[in-house]
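Working notes, structure below.
The values are calculated or read from the model by the stated rules, or taken from the named source; none is laboratory data. Just so you know, these numbers come straight off a predicted model, no measurement behind them. Glycine gets a Cβ as well: all are built from the backbone with ideal geometry, and neighbour counts include every protein chain shown. With ligands, DNA and RNA removed, areas are computed over all heavy atoms of the protein, side chains included. Shrake-Rupley method; radii C 1.70, N 1.55, O 1.52, S 1.80 Å.
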There are 2 protein chains.
Amino acid sequence: MPFLSHPPDICAESPVFASILANTLLSTVPGVSGAGPTPEKTLLTPALDAELIARGEITSMPVRPNTPTGCPTPASITRAVMELTGLFPLFINAGLTHTPTVPCLDLYGSPGADPRYTDAVPAAGELVQRGEWAGTFLGGYSDLLVLGECVPGGTTTALCVLRALGYDARVSSSFVKNPVGIKEEISGQVLDRLRSAGITTPAAILRATGDPMMAVATGIARTYPGTLVLAGGTQMLAVAALLRASGRQPPRIATTCYVRDDQTANFSAMAGAIGTDVTYVDPGFGDLGHAGLARYCIGEVKEGMGAGGAMFLAHLLGFSPDEIRKQIFATVSAYR
Amino acid sequence: MPFLSHPPDICAESPVFASILANTLLSTVPGVSGAGPTPEKTLLTPALDAELIARGEITSMPVRPNTPTGCPTPASITRAVMELTGLFPLFINAGLTHTPTVPCLDLYGSPGADPRYTDAVPAAGELVQRGEWAGTFLGGYSDLLVLGECVPGGTTTALCVLRALGYDARVSSSFVKNPVGIKEEISGQVLDRLRSAGITTPAAILRATGDPMMAVATGIARTYPGTLVLAGGTQMLAVAALLRASGRQPPRIATTCYVRDDQTANFSAMAGAIGTDVTYVDPGFGDLGHAGLARYCIGEVKEGMGAGGAMFLAHLLGFSPDEIRKQIFATVSAYR
């Protein structure tokens, strides 16, 4: 397969790579998220991944930039692209439980609550407005925005949002074995709650069962005047679907082929139903000679921190697939 | 007097106006700061002023954008310039006691402590580094950075820093009657503490008796690759002096003529001693027909939130003194 599933028709003179960081308390439900060594510690992952991308290492805690099963975190792919391109990443804090150790454009949201029991993002309306502010701000200084995310547990909020919007979604996971059972159980409970509360509009669904990232991303998409590329898998599908449901053209998406190839999910079909154009990046991790990266090919990790979009952006800026692959190998190998 | 004391030799294609927000607990010492209705409430001023500039009104609290004595806050001047120029201001949170209601580039510092008793900015080294990060980041998207500040009590930390650096400084104040006595008492106590602790280097002085704004501003100045204009009075002198003391060329300053004309201070002489070039803006508030603004001419408020630098920038972008004055009058009158 080629590096990009189809060549993008994008020109950019001043691109920005940004990534929205947020928590949802759903990631602390045992079994939901693989993005951390324990359910509680998944809450730390956005801040630690941001530190890795910004500094090249995690300094605030004695941890290695690997998943609990030994795969390199997708943040290390994003880091490699920043090293290669010289791009300076901007992190957007939409609502975290722990204060980051790297500067963020902070929209002063709160972590998302558990949507089974209460509204997940009670201040979603205000947070969307602050996202609109960020979109206008970033539009003043760039003509292309590649927008990633890091939200442990976020595929489960995405499942809830997509189902609530009426889509027959099955979502991806950072686990090799997608914990479909627990996600279905959660989304079932959430949908029951939404039905009995009569929640049907996209704004109400976002507030009831989304996460802070979705609120900020939809806000940015409403105002950003340049070309916007949502960099992520299932979670960015939920953002695109929320925009579509509120009558807007959903932005394009860039993600990895590993998300598309997840047989437990239906990413391509969902993208088609939502009407968003997706570019899939195939970095060919299978023959890079790195055991941890090779496991992306059998469905582990797959995507995160806008890794797919970052590789897409590097290619757009003129770097060859080989240069990108070599830099990723070099960056990830340095952590061994 | 002309609008600008001397014509600037600056060309800018992509200017940014930013303002650093911070607290120092010194503002809660009765009599130190006029930037709030009570000593405790001075802690809220940076967030409320940012809200005024970003939104055109203070919505999070039922307060008017005036000083306790009825002068328009200098933030309303900055707001007027943003309305006139269409510039989008960026707020940088260096360390606040209260969470802002507008998005900020947050460097996750803490409010400054009382330097009479303890180190004011224990994490100054880290905060300078994060400022360096911000300078590099902003340099990626702009060629001119006009950098203001809002730190209630900040002229007192500035006095302590300037004295500790060996300057015979007398600093300005937002009060018509500069509370020289209490500032002298505080700086005397602080200097005794610094002497007995053997604190003499600029980095140690910043940590011991500066404020979070100074740490971030010096960091930005160390890395920002374009033209940097420090927008403020006494407090920016302290930043310039810290840079000079660490062997760097201090950036230029833009401020109002009301700071220069403060007879209780010695701004021009200090700027000369530090070796920084200052452009003074004379907006001629005396004959605008607004009683509150006219009081700037008798020495009230004088400067704040980069108001002088904002007017300087508007003129640089081609707006005439008359257009700038008219917009300020219109913006401030709308609050009556």
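With the requirement that a residue be at pLDDT 95 or above, crowded, with 16+ Cβ neighbours inside 10 Å and of a type in the set (Gly, Ala, Ser), what does the range A:271-295 give you?
Within the range A:271-295, A:Ala271, A:Ala273 meet the criteria.
List the pairs whose first member sits in the range B:263-284 and is under 16 Å from B:His315 (Cβ atoms), whose second member is open to solvent by 10 Å² or more (accessible area, probe 1.4 Å) and among the acidic types (Asp, Glu), and whose Cβ atoms are under 6 Å apart, counting only residues at least 6 apart or on separate chains?
none
On the basis of being crowded, with 18+ Cβ neighbours inside 10 Å, in contact (Cβ under 8 Å) with a residue 40 or more places away in the chain and under 15 Å from the mean Cα position of the chain (by Cα), does A:Ala245 make the cut?
Considered against the rule, which asks whether it is crowded, with 18+ Cβ neighbours inside 10 Å, in contact (Cβ under 8 Å) with a residue 40 or more places away in the chain and under 15 Å from the mean Cα position of the chain (by Cα), A:Ala245 comes out as no.
Go through (1) over 26 Å from A:Phe319 (Cβ atoms); (2) more than 11 Å from every other protein chain (Cβ to nearest Cβ); (3) of a type in the set (Lys, Arg) and name the single condition A:Arg79 misses.
It is condition (1) that A:Arg79 fails.
Quick check: is even one residue across the range B:124-134 more than 14 Å from every other protein chain (Cβ to nearest Cβ), closer than 26 Å to B:Asn178 by Cα and open to solvent by less than 10 Å² (accessible area, probe 1.4 Å)?
Checked the range B:124-134: no residue is more than 14 Å from every other protein chain (Cβ to nearest Cβ), closer than 26 Å to B:Asn178 by Cα and open to solvent by less than 10 Å² (accessible area, probe 1.4 Å).
Check whether at least one residue in the range B:1-11 is within 14 Å of another protein chain (Cβ to nearest Cβ) and in contact (Cβ under 8 Å) with a residue 12 or more places away in the chain, and report yes or no.
Within the range B:1-11 (the criterion being within 14 Å of another protein chain (Cβ to nearest Cβ) and in contact (Cβ under 8 Å) with a residue 12 or more places away in the chain), the answer is no, since none of the residues qualifies.
Among (1) within 14 Å of another protein chain (Cβ to nearest Cβ); (2) under 16 Å from B:Ala217 (Cβ atoms), which single condition is B:Gly154 missing?
Result: B:Gly154 passes all but (1).
Quick one: how many residues across the range A:36-92 are part of a loop (DSSP other than H, G, I, E, B), more than 17 Å from the chain's Cα centre (by Cα) and within 25 Å of A:Thr156 (Cα to Cα)?
Of the residues in the range A:36-92, 8 are part of a loop (DSSP other than H, G, I, E, B), more than 17 Å from the chain's Cα centre (by Cα) and within 25 Å of A:Thr156 (Cα to Cα).
Yes or no: B:Ser142 within 14 Å of another protein chain (Cβ to nearest Cβ), surrounded by fewer than 18 Cβ atoms within 10 Å (Cβ to Cβ) and either modelled with pLDDT under 95 or assigned to a loop (DSSP other than H, G, I, E, B) (or both)?
No, not satisfied.
What residue, of A:Leu44, A:Leu84, is open to solvent by 10 Å² or more (accessible area, probe 1.4 Å), more than 14 Å from chain B (Cβ to nearest Cβ) and in contact (Cβ under 8 Å) with a residue 60 or more places away in the chain?
A:Leu84
Test each condition in (1) within 30 Å of B:Asp322 (Cα to Cα); (2) more than 14 Å from chain A (Cβ to nearest Cβ); (3) assigned to a helix (DSSP H, G or I); (4) touching a residue at least 40 places away in the same chain (Cβ under 8 Å) for B:Val161 and report the one that comes out false.
Condition (1) is where B:Val161 drops out.
Go through the range A:89-120 and give me each residue that's among the aromatic types (Phe, Trp, Tyr) and either within 11 Å of chain B (Cβ to nearest Cβ) or closer than 16 Å to A:Ala217 by Cβ (or both).
Selection gives A:Phe91, A:Tyr108.
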